[in-house]
Structure formats: structure tokens, C-alpha cells
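So the structure is just underneath, and the comments pick up after that.
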Amino acid sequence: MNHDLVIFDNDGVLVDSEPISNRLLAEYLTGLGFPITVEDSYRELMGRASHAVRELVAERFGATLPADFPQAFHDRVFAAFATELTPVPGAAELLKELGRRGVPYCLASSAGHDWIRAALDLTGLRGLLPEERIFSAQDVGVGKPAPDLFQHAARTLGVAPARCLVIEDSPMGVLAARAAGMDVYGYTALTPAERLTEAGATGLIGGLAEVLELLDA
């Protein structure tokens, strides 16, 4: 095995939250008078920290979001999560198999800790990701595409970046992993393969079961 640590993004890789959050974000911003489509949200905001929404509104519309936007948006998303959120197919099985094999793994997400834990609780994955394996952009003060989050996770777990395998579904995440000096495979369930390749993905996967094949290669 060429890797000593597997680092998973959360939204869109372990939990199937991206369709929910991108739909609600487009609806909310449009309702505030800043019309964007779900496709816009996927293309420009997926995989980025919340400040990117403010930047988009400022650049495209020359406006400022309401001060309560982050909390109001989170409340809407969490309410939808309660009835709609599911794990990505194969996520639980993969984490259990990695544990059985003794392969270290962790989660590194641009989302905040409350968001991450709510998603893991609702999908039943929390028990497979102990606290010491959950890393958020809140821990380093900057989100993807900066490499800081991935570097922090690897450093905390004592693994050299070159020995890390990252699984990401957004170009921003791919850019962050590559900047951190890590191999990164793009998960193509929601993002066109060419966008992940253009961002520098080492390779592509279409399902989480393929992660085991990468480790066995």
C-alpha cells in the first residue's frame, strides 16, 4: 500500500448533502434578490467555506448579505437534513472495512464542526468517525482551496503528506489536496470528471468501493 492515511471530504463524499444544500442555497439567495441557479451553486460554491457566498454576492451583485445569513441558512439546511439526508452509498461499508484492515482514515471538511457532526449523526456515520478524526476549516481559519486543512489533519495524525490519499468531489478540494502535496482522487458522482481532472486530480472514482482498489494497487 502506497498510502498511510485516507482523508475524506464529508459533504458529497460521505454524506449525500450537496443536492440538499445547493438547492436550498440557490433558493435562499434568489429569494433575497440575488438570483443564482443550482448549477451556479455547484460550479462556484461547492466545497468552499461559507465566506465564499458573501464574496459571490459582493462580486456579482455589488451587495451585502444580511448579517444573520449564515445562521438562517444553516437552520434551513439542518431542517431539511432531518428528513432528507442519507449517507453516500457505500460510505459506512467502506469505513468499516478500513477499520477492519487497520487503515487509518479521517474526515477534513470546509464546513463547521456543528454542520459536520449534525450530518454524521443523522446518517449514522458518527460512530465510525471518532472526535480525533474530524477536522474542520474552523480549526485552521481558512477553507479549501488553501492546503492548510489537509496539512493540519496529516500533521495531527503524524502522516507525511506524500503518504496521504484524499477523496474529494469538488475542484476546490482537489486544488487544496494537491497544494498540500497529497494524492487526490476525484469522486465524480456530482462533479463532471473533466473539472476534477483540470483541478489536478491524480485519478477519478465513480463509487466509494473503488477506494479499496486504490489501496490494494
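The values are calculated or read from the model by the stated rules, or taken from the named source; none is laboratory data. Treat the numbers as computed from the prediction; the structure is a model and nothing was measured. Because the Cβ atoms are built from the backbone with ideal geometry, glycine has one as well, and the counts that use them run over all protein chains shown.
Of the residues contained in the range 50-68, one or more are found to be of a type in the set (A, V, I, L, M, F, W, C), modelled with pLDDT of 90 or more and touching a Lys or Arg at 6+ places or on another chain (Cβ under 8 Å). Residues that are under 21 Å from Phe61 (Cα atoms), of a type in the set (A, V, I, L, M, F, W, C) and assigned to a helix (DSSP H, G or I) within the range 17-33 comprise Leu24, Leu25, Ala26, Leu29, listed in sequence order. All conditions but one from (1) of a type in the set (Gly, Ala, Ser); (2) out of contact with any strand residue (DSSP E or B) (no Cβ under 9 Å at 6 or more places or on another chain); (3) at pLDDT 95 or above apply to Ala217; the one that does not is (3). Cβ-Cβ contacts under 6 Å between residues 6 or more apart (or on different chains), taken from a first residue in the range 16-36 that is among the acidic types (Asp, Glu) to a second residue that is surrounded by 15 or more Cβ atoms within 10 Å (Cβ to Cβ), are listed as Asp16/Val88; Glu18/Asp11; Glu18/Gly12; Glu18/Leu190. As for the range 60-79, it holds no residue that is under 25 Å from Pro147 (Cα atoms), crowded, with 20+ Cβ neighbours inside 10 Å and free of Cβ contacts under 8 Å to residues at least 24 places away in the same chain.
Residues in the range 95-141 that are of a type in the set (Ser, Thr, Tyr) and within 15 Å of Arg48 (Cα to Cα) were compared, and the one that is modelled with the lowest pLDDT is Ser110.
Please tell me if Leu5 is in contact (Cβ under 8 Å) with a residue 40 or more places away in the chain, under 30 Å from Arg163 (Cβ atoms) and within 14 Å of the chain's Cα centre (by Cα). So Leu5 does not fit the description; no. Of the helices (runs of 4 or more DSSP H) lying entirely inside the range 44-108, those containing at least 1 residues that are outside the structural domain of Asp169 (by TED's automatic domain parsing) are 51-61, 69-84.
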